[in-house]
Amino acid sequence: MPIENTTAPPSGGKAVLTRGGLQALIEALARRGYRVVGPTLRDQAILFDDIEGIADLPAGWTDVQDGGTYRIQRRADDALFGYAVGPHSWKKFLHPPRISLWRAAKDRDSVTIDNDPEPTTAFAFIGVRSCDLHAIAIQDRVFLSGPYVDPHYQARREGAVIVATNCGEAGGTCFCVSMGTGPKADSGFDIALTELLDETGHVFLAEIGSERGRGVLAEIPCDPAYHEHVAAADQLLARTAANMGRHMQTDDIHSLLLGNLEHPRWDDVAGRCLTCGNCTMVCPTCFCTSVEDTSDLAGGAERSRRWDSCFTEDFSYLHGGSVRQTARSRYRQWMTHKLATWIDQFGSSGCVGCGRCITWCPVGIDITEEVRDIREHPTASEATI
Ligand code: SF4
Ligand code: SF4
């Protein structure tokens, strides 16, 4: 959107990029040696993959989401970031679904042990939503703070450049406003873009979030940002915030859930839940893994780590049986951890309101509905798990 008859001076810490400027930004990151990853259209969904330029972005597509449903749809314009979030989150790259921890091979009388080297190419993520910035910050706390640092996450996270995009569209299952995590990126990025698109033009208001971001922007053609650009971005974000598809009242949620551990709603949701674990796979903060050993007929063996889910019966298996044998106990464990005991453990909620678990639940179970029902029909029950 070219601003005509501008009278105001450029705003500090901000600049304006054209589509060509965005292409130059992606090329500058690749030139600096980053592996550039961003949204692409594939398999009827918007997924994260390696990109070389703006031609790889899902221009002119949006997503329509509700409980248990997701479809992509043509937009009336050519917006490059005109959708909410898809099934992928950035944990796919920072905390991959499966990693090999070591491999052993037998050769006559000797055994050699090998492990995959950690990646040495740093990531540059393009199009990170505010909810996902908060999810990355949560996983940083889980994997990098405290006495035990996860070296695999650390190797992938260190040096990663983040180009955020503020949300111009709220998804049908989004509730970041309720969780205080969006729709505007407030920290954790190197550069944050707001896509401004109307009949007069198509530009990106860029906000600098770090010295590294400033250095990259200094390499590419930018125009000054004027107060009119900032006002247009503020207006867009206010509209997105007002159009959240879902809402969750979070006051006293810790005591609400832990004070209702025997609520009949847990039986109700257990009657619908398939314990498939989809919600945990798509959740950008869920981090549980299991370690497994495999061997082959040639004498080789491998130890690997893969995502696991608290929805499987095996996940809580201890000697003699599983601790959480029912769908009721597994759903209750997931939701009370996510929204209540996560606060005790990590100092924040484990939910960023991205809505993925609602969209990708095959039976459309909605975490906001579950909380609402318990809040509206509280029962006195023992606070024991
Ligand atoms: S809540 Fe939905 S996605 Fe999660 S385990 Fe149950 S059926 Fe699967
Ligand atoms: S619990 Fe659901 S809404 Fe919350 S962060 Fe995870 S996937 Fe997103």
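For the chain, with the dipole built from +1 on Lys and Arg beta-carbon atoms and -1 on Asp and Glu ones, taken about the Cα centre, which of Thr112, Ile46, Gln65 lies farthest toward the positive end?
Sorting the options by dipole projection puts first Thr112.
Between Val323, Val216, Val142, where does the largest GNM mean-square fluctuation fall for the chain, given springs only between Cα atoms within less than 10 Å?
Fluctuation is largest for Val323.
What does the convex hull of the Cα atoms of the range 197-263 come to per residue, in Å³, rounded to a whole number?
180 Å³
First compute the accessible area of the range 179-331 with a 1.4 Å probe, then give the percent of it belonging to carbon and sulfur atoms.
C and S fraction of accessible area: 52 percent.
Would you mind working out the accessible area per residue for the chain, using a 1.4 Å probe, and quoting it in Å²?
46 Å²
Mind listing the long-range amide H neighbours of Gly355? Cut-off is under 5 Å, sequence gap 5 or more, other chains count too, H placed in the peptide plane at 1.01 Å from N.
Amide H neighbours of Gly355: Phe175.
In sequence order, what are the phi-derived ³J(HN,Hα) couplings for the range 157-162 according to the Karplus relation 6.51 cos²θ - 1.76 cosθ + 1.60 with θ = phi - 60°, rounded to whole Hz, with x for glycine and proline?
7, 5, x, 5, 9, 10
Based solely on C-alpha atoms, express the radius of gyration and the Dmax of the range 278-385 in angstrom.
16.8, 60
Rank-order 87-100, 147-160, 123-136 by packing density, defined as the average count of other C-beta atoms within 10 Å over each peptide's residues, highest first.
Those peptides, ordered most packed to least, come out 123-136, 87-100, 147-160.
Kindly write out, for the range 361-366 in residue order, the coupling ³J(HN,Hα) from the Karplus curve 6.51 cos²θ - 1.76 cosθ + 1.60 (θ = phi - 60°), rounded to whole Hz, with x marking Gly and Pro.
Working through the residues one at a time gives 6, x, 10, x, 5, 10 Hz.
Can you tell me the dipole magnitude for the range 56-178 around its Cα centre, using point charges on the Cβ only (Lys, Arg +1; Asp, Glu -1), in Debye to the nearest 20?
On the way: 13 positive and 15 negative charges, 45 e Å.
Rounded to the nearest 20 debye, it is 220 debye.
Placing +1 at every Lys and Arg Cβ and -1 at every Asp and Glu Cβ, with all other atoms neutral, what dipole size does the chain have around its Cα centre, in debye to the nearest 20?
With Lys and Arg at +1 and Asp and Glu at -1, about 420 debye.
Report the Cα centroid-to-centroid distance between the range 22-93 and the range 295-331 in angstrom, as an integer.
Each part's Cα centre sits 33 Å from the other's.
What is the dipole size for the range 40-121, taken about its Cα centre, with +1 at each Lys and Arg Cβ and -1 at each Asp and Glu Cβ, in debye to the nearest 20?
320 debye
Can you tell me the mean projection area, over all orientations, of the convex hull of the chain's alpha carbons? Units nm², please. Mind dumping the intermediate values first?
Details: hull surface 90.7 nm².
That works out to 22.7 nm², a quarter of the Cα hull's surface.
Of Phe315, Gly299, Val371, which is farthest towards the positive pole of the chain's charge dipole, taken about the Cα centre with +1 and -1 on the beta-carbons of Lys, Arg and Asp, Glu respectively?
Farthest towards the positive end: Gly299.
Between Gln345 and Ala59, what length in nm is gained on full extension when 0.36 nm per residue of separation is reduced by their alpha carbon distance?
Result for the pair: 98.9 nm of gain on full extension.
From the cross-link list Lys91/Lys184; Lys14/Lys338; Lys184/Lys338, which pairs have alpha carbons spaced over 25 Å apart?
Those over the limit are Lys14/Lys338.
Most mobile of Cys222, Cys354, Cys167 per a Gaussian network model of the chain (Cα springs, under 10 Å)?
Maximum among the listed residues: Cys222.
For the range 206-320, what class follows from the C-alpha gyration tensor (a ≥ b ≥ c being the square roots of its eigenvalues): rounded when a/c is under 1.5, otherwise prolate if a/b is larger than b/c, else oblate?
oblate
In the range 1-138, carbon and sulfur make up what percent of the accessible area (probe 1.4 Å)? Don't skip to the answer; put the middle values down first.
Values: 3120 of 6530 Å².
So the carbon and sulfur contribution to the accessible surface is 48 percent.
Starting from the amide H of Tyr226, placed 1.01 Å from N in the peptide plane, find each other amide H under 5 Å away whose residue is 5 or more places distant or on another chain.
For Tyr226, the qualifying residues are Ser11.
Can you give the helix-only mean residue ellipticity at 222 nm for the chain, where every DSSP H stretch with n ≥ 4 adds -39500 (n - 2.57) and the sum goes over all residues, rounded to the nearest 500 deg cm²/dmol?
Only helices count here, giving -8000 deg cm²/dmol.
Would you work out which of Ala238, Pro151, Gly21 lies farthest towards the positive end of the dipole of the chain, given +1 charges on the beta-carbon of Lys and Arg and -1 on that of Asp and Glu, about the Cα centre?
Pro151
The values are calculated or read from the model by the stated rules, or taken from the named source; none is laboratory data. Note that the structure is a prediction, hence the values are computed from the model and not measured. Virtual Cβ from ideal backbone geometry, glycine too; neighbours counted across all protein chains shown. Surface areas here come from the heavy atoms of the whole protein model, side chains and all, with no ligands, DNA or RNA. Shrake-Rupley method; radii C 1.70, N 1.55, O 1.52, S 1.80 Å.
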